[in-house]
1. For the peptides 64-71, 202-209, 327-334, 53-60, what is the packing order when you average, over each peptide's residues, the other Cβ atoms within 10 Å and list the highest mean first?
2. Is any residue of the stretch 195-229 close enough, with backbone N under 14 Å, to a label point placed 7 angstrom from the Cα of D43 along the Cα-Cβ axis, and if so, which?
3. Sort S277, S210, S26, S125 by Cβ crowding within 10 Å, fewest neighbours at the top.
4. Would you mind checking the pairs K83/K158; K22/K83; K16/K342; K111/K342 and listing those with alpha carbons more than 32 angstrom apart?
5. Full-extension gain between D263 and I141, please, as 0.36 nm times their residue separation minus the C-alpha to C-alpha distance.
6. From zero up to wherever the largest Cα-Cα distance of the stretch 112-197 sits, split into 5 Å bins and tell me the percent of pairs in each.
7. Multiply the residue gap between N226 and K328 by 0.36 nm, knock off their C-alpha separation, and tell me the result in nm, one decimal place.
8. How much space per residue, in cubic angstrom, does the convex hull of the C-alpha atoms of the chain take up?
Amino acid sequence: MKKIISLVGARPNFIKIAPLHKAFRSLHPEIDHKICHTGQHFDENMSKIFFDELELPRPDFYLGISGGSHTSQTSRIMIELEKVIQDEQPDLLIVPGDVNSTLAGSLVASKMGIPLAHVESGLRSFDRNMPEEINRMVTDILADYLFVSEESGLINLKKEGIPDEKVFFVGNIMIDSLVSYLPKAKESNILNSMGLEEGRYILGTFHRPSNVDARVHLEGLFNMLNELAAERKLVFPIHPRTRKNMESFALIHTLHPNILLTDPIGYVDFLSLILHSELVITDSGGIQEETTWLGIPCITVRNNTERPITTKIGTNILAGTDFENVKKHAFHILSGNRPTGKVPELWDGKTAERIVTIIHNQL
Ligand code: UD1
Ligand code: UDP
């Protein structure tokens, strides 16, 4: 029996691995697919709620590593993961996305001679100040199977000299989860419980160090949100990184009363909030993709995106980190000028099936 371990650590990883786990179970139950959780994200509403809602089993292995510097986090995950790999001797390690857990998994697999698959390969922001860019590049160099979500990934990998036979254009696995859980999201009661009117509120999420780690940036961001909140209710589920910084800068009392500050929200309710919003403002990677698929206007508060398809054919506007510019775009949309877009190729809910079939044939 072939054994495969998928390594997850952070919120977006759980959403990417859930469809894969189910596809292994349904298409190739003879493959023993196990899940190893590094512990990078550990709060109940950043981790367990996703396992529950996405109907994932408890992780087979839990490494309990979180916090610390990038080097400390990555290296501690490596040390603990090495033990699991040593005991289990899997035929393949799968790493999704671009977080530090992804990087740690890639390095351990390579050092231990275990074949490596990268789900969401080839994305590039071309900004090496982002830790994720380094994680993505190193992982792609080391991976044996590179599963690509959008056309730009194919182009980037080719330019970087990755042999074609390692690269598979399979579509976007995050969209598999979205497609599966959209019916539940449509039944969610979150709008009622938050007192929101459908199509008449803004949803915001921010966690990139470039936006939230320096007081001056976080303050600028809050000032902008306050101006928008004068026009619309604004739901702001706050990421733990942002919460910590907000508290340490004592910015908690500076928010407009129309800003509904909440803890991170579970997947199904959060999808419902995206689906019924008038506008999403974010610096998240995954949310740029989900809004494009759902046709919801999205303004991305970053200077670059590793997901260019969302701006090329989707509803995403890359507004940069000049908050005046972000505000200009936001007011334009709020006055009825909604961007329209198309769904990218192979974002069809069947990416996990394609990946599992390829892995089965390759192994
Ligand atoms: C990480 C990823 C980022 C991804 C994001 C998704 C890296 C380098 N960054 O950023 O690419 O977009 O996850 O959300 O891997 N914390 C808690 N509770 C939690 C999770 C985190 O208190 O459940 C705290 C940590 O202890 C740490 C801070 O939040 O102090 C940041 O967590 P960390 O995982 O290092 O990075 P993120 O900002 O979450
Ligand atoms: N998400 C969620 N609840 C929230 C915020 C985000 O369920 O309160 C989901 C969102 O729909 C998407 C994923 O988490 O599927 C994105 O994660 P995040 O923004 O943390 O990471 P990134 O994609 O930027 O790496």
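Values quoted throughout were computed directly from the atomic coordinates according to the rules given, and no laboratory measurement underlies them. Remember, predicted model here, so these are calculated numbers, not experimental data. Virtual Cβ from ideal backbone geometry, glycine too; neighbours counted across all protein chains shown.
1. 202-209, 327-334, 53-60, 64-71
2. Counting only backbone N, you get 205-208.
3. Sorted ascending by nearby Cβ count, the order is S26, S210, S125, S277.
4. Values: K83/K158 34 Å; K22/K83 26 Å; K16/K342 22 Å; K111/K342 42 Å.
With Cα atoms farther than 32 Å apart: K83/K158; K111/K342.
5. Net length gain for the segment: 40.3 nm.
6. Going from the shortest bin to the longest, the percentages are 3, 13, 19, 17, 13, 9, 8, 9, 6, 3, 1.
7. On the way: separation 102, 0.36 × 102 = 36.72 nm, distance 1.41 nm.
Full extension of this stretch gives 35.3 nm more.
8. Taking the convex hull of the Cα positions in the chain, it is 122 Å³ per residue.
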